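A short worksheet on the structure shown next.
The values are calculated or read from the model by the stated rules, or taken from the named source; none is laboratory data. Keep in mind that this is a model prediction, so the values were computed, not measured. Cβ sites come from the backbone with ideal geometry, for glycine too, and all protein chains shown count toward neighbours.
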Amino acid sequence: MDLNALWQKTVETLAEEGIIRSDKVRRAFLKHPRYLFVEERYRAYAHVDEPLPIPAGQTVSAPHMVAIMLELTELESGMKVLEIGTGSGWNAALIAEIVKTDVYSIERIPELVEFARRNLKQAGVKNVQVFPGDGSMGFPPRAPYDRIIVTAGAPKIPEPLVEQLNPCGKLVIPVGGCHPWQDLYIVEKTVKGEVKKRRWGKVAFVPLIGEYGWRE
Ligand code: SAM
């Protein structure tokens, strides 16, 4: 089977299992297959529903985890989104496909900034801007955001990320405990600026390292 046929099957399975729930997430997955965002030697495994290695000892998340986070984030066309932890650029490409407008993504490892930029260019994605830096502090130059998605595990919810949310904004972030297990939190800011948190369940992400993350 070719890579695209294998990928389509993965997307169908995630939809049948109720993990991909919306047309917009399904369409984004079909438009940007994971095999375009991994090194050549891992392409044949990109349809398997598990994390895969990317350079610098990091990982691109399993397709089901990415789908769960995108569905929880409730992205709409035109929303201003910040992603923390660009990695391969795959999740940023999916977000960009849904919101259609510019997406800002922060990555602390310079090698991965280059890797993601290359992958995004090869995939023809033009509306993702990748910046090097410590995303645990958010990204003040483009704040506030309608949505912030963090794809690394933080020891607690970083205050700057909550501050950089718009009213009615939402932050999705793995928090707490020791690596590798965290609770996935959905943090919502009401129209009056109150902050409400709820827990979705257990997840396993690489650590968020930085000022408001884990210390190196
Ligand atoms: N979203 C990525 C993708 O689609 O490939 C996967 C992200 S990987 C699970 C987590 C990433 O977060 C790693 O690339 C890691 O270097 C990055 N990271 C960790 N701490 C960070 C920080 N403070 N700021 C920005 N990126 C960070």
Discussion item. Given (1) under 24 Å from Gly138 (Cβ atoms); (2) in contact with a helix residue (DSSP H, G or I) (Cβ under 9 Å, 6 or more places away or on another chain); (3) surrounded by fewer than 23 Cβ atoms within 10 Å (Cβ to Cβ); (4) among the polar types (S, T, N, Q), identify the lone condition not met by Ser22.
Written reply: (1)
Worksheet item: What residue, of Gly57, Gly124, Gly78, is in contact with a Lys or Arg (Cβ under 8 Å, 6 or more places away or on another chain), surrounded by fewer than 16 Cβ atoms within 10 Å (Cβ to Cβ) and without any contact (Cβ under 8 Å) to a residue 24 or more places away in the chain?
Response: Gly78
Worksheet entry | Test: residue in the stretch 133-143 that is closer than 20 Å to Leu36 by Cβ and either at pLDDT below 95 or buried (at least 24 other Cβ atoms within 10 Å of the Cβ) (or both) | no
Worksheet item: Cβ-Cβ below 8 Å, separation at least six or inter-chain, first residue in the stretch 30-51 and in contact (Cβ under 8 Å) with a residue 40 or more places away in the chain, second buried (at least 20 other Cβ atoms within 10 Å of the Cβ) and of a type in the set (Lys, Arg): which pairs?
Response: Ala46/Arg34; His47/Arg34
Worksheet item: Can you name the residue in the stretch 58-77 that is in a helix (DSSP H, G or I) and in contact with a strand residue (DSSP E or B) (Cβ under 7 Å, 6 or more places away or on another chain) and, of all such residues, is farthest from the ligand (Cβ to nearest atom)?
Response: Leu72
Fill in: Whichever residue in the stretch 162-188 is surrounded by 18 or more Cβ atoms within 10 Å (Cβ to Cβ) and under 15 Å from the mean Cα position of the chain (by Cα) and, among such residues, is farthest from Met69 (Cα to Cα)
Val175
Item to complete: Tally the residues that are in contact (Cβ under 8 Å) with a residue 12 or more places away in the chain and within 10 Å of the ligand (Cβ to nearest atom), restricting the search to the stretch 190-216.
Response: 11
Worksheet entry | Checklist (1) surrounded by fewer than 21 Cβ atoms within 10 Å (Cβ to Cβ); (2) within 21 Å of Leu30 (Cα to Cα); (3) in contact (Cβ under 8 Å) with a residue 40 or more places away in the chain applied to Ala93, failing item | (1)
Worksheet item: Can you pull out the residues in the stretch 26-57 that are within 11 Å of the ligand (Cβ to nearest atom) and under 18 Å from Glu114 (Cβ atoms)?
Response: Phe37, Val38, Pro53, Ile54, Pro55, Ala56, Gly57
